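Take a look at the structure below.
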Amino acid sequence: MPSSYVSLNVHIVFSTKYRAPYLQASIAGRVHDYVGGTIRGLGATPIRVGGIEDHMHVLLSMRGHQSVSKLVQELKKSTTPWLKDQIPSFGWQEGYGAFSVSYREIPEVVHYIDNQREHHQRLSFIEERKMLFELAGIDYVEDED
């Protein structure tokens, strides 16, 4: 094949430092917009950005030459100064979860991200993480949050 064709859609989940509820409703829309713009600036395409007070969900499409770990690292690094201007004590937790998403699953994941508030009335962040890991075939290991 003379050209490269790539479809890399990734659902990324990461939390605020110590899962502190920094991302209150009063700032959440601006944070989501800023994160989406940062993703575009990093050469990826945001499909949906959302979450609740203590964690973010990002569904994005990456280019073939990009690495998930480098993209998440740069995303957190690039958004932290702006967030610290809004919330001086702000920080991101070190880790993240990244899950591949087929093109056909995008609407389902968008719906999932859009309904985080309702979802977390039934499941805690830890229960959500366990569920995502199970769906992705990842062995869940309890870590220090």
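The values are calculated or read from the model by the stated rules, or taken from the named source; none is laboratory data. Everything numeric here is computed off the predicted structure, so don't read it as measured data. Here Cβ is always computed from backbone atoms with ideal geometry, including for glycine, and neighbour counts include all displayed protein chains.
Being modelled with pLDDT of 95 or more, under 18 Å from Val110 (Cβ atoms) and among the aliphatic types (A, V, I, L, M) narrows it down to one residue among Leu42, Leu8; which is it?
Of the residues listed, the single one that is modelled with pLDDT of 95 or more, under 18 Å from Val110 (Cβ atoms) and among the aliphatic types (A, V, I, L, M) is Leu8.
Hey, could you check region 79-93 for residues that are over 14 Å from the mean Cα position of the chain (by Cα) and part of a helix (DSSP H, G or I) and say which is surrounded by the most Cβ atoms within 10 Å (Cβ to Cβ)?
Of all residues in region 79-93, those over 14 Å from the mean Cα position of the chain (by Cα) come to 80-91.
This time we only want the ones that are part of a helix (DSSP H, G or I), so: 80-86.
Details: Thr80: 13, Pro81: 9, Trp82: 16, Leu83: 21, Lys84: 12, Asp85: 9, Gln86: 14.
Filtering region 79-93 for residues that are over 14 Å from the mean Cα position of the chain (by Cα) and part of a helix (DSSP H, G or I), the one surrounded by the most Cβ atoms within 10 Å (Cβ to Cβ) comes out as Leu83.
For region 62-76, name all the residues that are touching a strand residue (DSSP E or B) at 6+ places or on another chain (Cβ under 9 Å) and under 17 Å from Tyr34 (Cα atoms).
Leu71, Val72, Leu75, Lys76 - these are the residues of region 62-76 that are touching a strand residue (DSSP E or B) at 6+ places or on another chain (Cβ under 9 Å) and under 17 Å from Tyr34 (Cα atoms).
Given (1) surrounded by fewer than 17 Cβ atoms within 10 Å (Cβ to Cβ); (2) farther than 25 Å from Tyr112 by Cα, where does Tyr18 come up short, assuming only one miss?
Every condition holds for Tyr18 apart from (2).
How many residues are closer than 15 Å to Val49 by Cβ and either of a type in the set (Ser, Thr, Tyr) or over 14 Å from the mean Cα position of the chain (by Cα) (or both) when one looks only at region 9-24?
Qualifying residue count, region 9-24: 2.
Before we move on, is Val10 in contact (Cβ under 8 Å) with a residue 24 or more places away in the chain and either in a strand (DSSP E or B) or farther than 22 Å from Gln93 by Cβ (or both)?
Yes; evaluated as a whole, the condition is true for this residue.
For region 26-41, name all the residues that are touching a Leu at 6+ places or on another chain (Cβ under 8 Å) and either closer than 17 Å to Ala98 by Cα or among the basic types (Lys, Arg) (or both).
Selection gives Val35, Ile39.
Please specify each residue of region 74-100 satisfying the condition of being touching a residue at least 40 places away in the same chain (Cβ under 8 Å) and more than 26 Å from Lys130 (Cα to Cα).
Across region 74-100, the qualifying residues are Ser78, Thr79, Trp82, Leu83, Gln86, Ile87, Ser89.
Could you list all residues from region 13-58 that are free of Cβ contacts under 8 Å to residues at least 60 places away in the same chain and at positive phi?
Answer for region 13-58, where residues must be free of Cβ contacts under 8 Å to residues at least 60 places away in the same chain and at positive phi: just Gly43.
From the set of residues in region 97-137 that are of a type in the set (Phe, Trp, Tyr) and modelled with pLDDT under 85, which is nearest to His57 (Cα to Cα)?
Per the criteria, the residue is Phe125.
Please name all residue pairs, on different chains or six or more residues apart, with Cβ atoms under 8 Å, provided the first residue is in region 117-145 and is among the basic types (Lys, Arg) and the second residue is modelled with pLDDT under 75.
So the pair list comes out as Arg129/Tyr140; Lys130/Tyr140.
Could you count how many residues in region 25-68 are surrounded by 15 or more Cβ atoms within 10 Å (Cβ to Cβ) and not in a helix (DSSP H, G or I)?
Summing the residues that are surrounded by 15 or more Cβ atoms within 10 Å (Cβ to Cβ) and not in a helix (DSSP H, G or I) in region 25-68 gives 20.
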